[in-house]
Each structure stands twice: as structure tokens, then as C-alpha cells.
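The values are calculated or read from the model by the stated rules, or taken from the named source; none is laboratory data. From a predicted model like this one, the values you see are computed outputs, not experimental measurements. Here the Cβ positions follow ideal geometry from the backbone for every residue, glycine too, while neighbour counts run over all protein chains shown.
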Amino acid sequence: MSKQLKYKLKKTLKNAEFVHADLEYHQELSRDAIKDFQEAIRELLQMLSDEEQQRLSDHLKNQAPGSRGPEQEISKERKQLNDGEAVCETTMIVSTDVETDASQNTDAPINKTNELKKLFRRIAEQTHPDKVRASGFSEKEVARLESVFKRAREAYDNENWYILYIIAIDLELEIQDPSQQQVEWIEEDIKKTLAEIAQIANLTAWHWYIGDELSKKRALQYYFQQCYNFNHPNL
């Protein structure tokens, strides 16, 4: 590995580590954001008259299938939102500056699919649940390795070279120095991760959760406009 590529790899790995930590932060916080946002919507729906609630219910029924989330359905008994895991998929920002198209390296290209498969198989040799349970490890170690296998499986399915590469290093697998193209794969993973972060950060529930009082009000107004075509009287 050339000195230039060595330093580029080091920098790229640091960037990837930060970006994945940021994604984890957004994923964890977004669960609370969605839950609390749903509760705020329920409370606003309960403030409406029966006639207004029925109008919203009729509006939802007339929407095209798949155009609303399960949390938007108003129950027949209480005419309020059912409990659900998602919120209306409205966004406060329409577009982002995150680019997901990765640069292509035309110099002696390596087949990414094959490389992912080979690395995943090597990881699976040490972490597959059937193998670790047959190896006599403690329950704590079995649980740890099964968690590693699950993470590696998800990375393989998502073609995330960075995660597999880091797992291989943590398992102290003997691996060759990455090529220029493999470093570019990590850069691709960074772009995809940034796109995931942007998707979460664009949710109306996220804007509501992290915003001040004015931002919260605007997010709720936006939600009712986009999902119900309705101006809530208490907003």
C-alpha cells in the first residue's frame, strides 16, 4: 500500500466512523421523536368535534392506497390515531445536497459482490450461531458473536463494505491491505449513510422534536395540511 493510499484509508475510515455514529444517533432519537409526535397529533385530534374528526376520516379513506401511514387511520370508536410505529411520511425539506452516486474506478476493477461474499463468509466462519453454539463458548460470548453475525449479515445484504471491513478487523482476521477501489467503496458507504441521515432529518416529526415552540407549531401545521388538507383550529 502506498503512503498516499494509507493516509487516505485512515482518513476515510475516520469519516465513516463519525458518519455511522451520527446515523445511530439519528436512528435512536428518531424513535422518541416519532412516538412523541404521534402523541401530539392524537391530542390535537381529540380536541376536534365529532364532525371534524369524521371529515378527516373521510378524507383519509378517499386517499389512494399506500399514501398514508398506519398512524393516520382514525379509529371508528374514538376517531383518533391508532397506535403505530410510523408517522405520516411528510418532510419539511423536499430535497437535500447529499449525492448517492459513487465515483467509478475503471483501473483493474474488483468485483464488489464477490469481495463482499468472500469477506462475509470468513466472518461467518467465526460468528455463525450454529458454529459458536457448538464451540462451547459461554452464553455471553455466544450472544456477542451472534450479534456480530447479525450485523455482518445486514452489512452484506446492504453491500456495506465499511461495516464488513471493520468487523473483520475487530475479529482479527488476516486481510489484505485495501485497494484504491475498496477505499472508494467505503466512500460510497459514507454517501449512502449520509442519505439515510438526511432522510431522518427531513421528517416532520424530527423537525417538531428538535425545534423550538414556533418550529413545533409549524411542523404540526404542515402535518395537518399534508396529511389531512386541514387547518387545525388550535394551531
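So here's what we get for this one:
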| read-out | value |
| --- | --- |
| Within region 16-58, tally of residues that are exposed (fewer than 15 other Cβ atoms within 10 Å of the Cβ) and more than 30 Å from Leu220 (Cβ to Cβ) | 3 |
| Qualifying residue in region 10-19 (condition: of a type in the set (A, V, I, L, M), assigned to a helix (DSSP H, G or I) and farther than 20 Å from Ala168 by Cα) | no |
| Options Glu196, Glu174, Glu184: the member that is outside the structural domain of Leu116 (by TED's automatic domain parsing) and at negative phi | Glu196 |
| Single residue of region 195-223 satisfying the filter (in contact with a helix residue (DSSP H, G or I) (Cβ under 6 Å, 6 or more places away or on another chain) and among the aliphatic types (A, V, I, L, M)) that is farthest from Lys14 (Cα to Cα) | Ala219 |
| The listed residue being in contact with a Lys or Arg (Cβ under 7 Å, 6 or more places away or on another chain), in the same structural domain as His207 (by TED's automatic domain parsing) and more than 19 Å from Asn160 (Cα to Cα), out of Gln38, Gln63, Gln46, Gln53 | Gln53 |
| Close pairs from region 29-54: first at pLDDT 95 or above, partner part of a helix (DSSP H, G or I) and acidic (Asp, Glu), Cβ under 6 Å, at least 6 apart | none |
| Checklist (1) under 30 Å from Arg42 (Cα atoms); (2) surrounded by 17 or more Cβ atoms within 10 Å (Cβ to Cβ); (3) under 26 Å from the mean Cα position of the chain (by Cα) applied to Asp212, failing item | (2) |
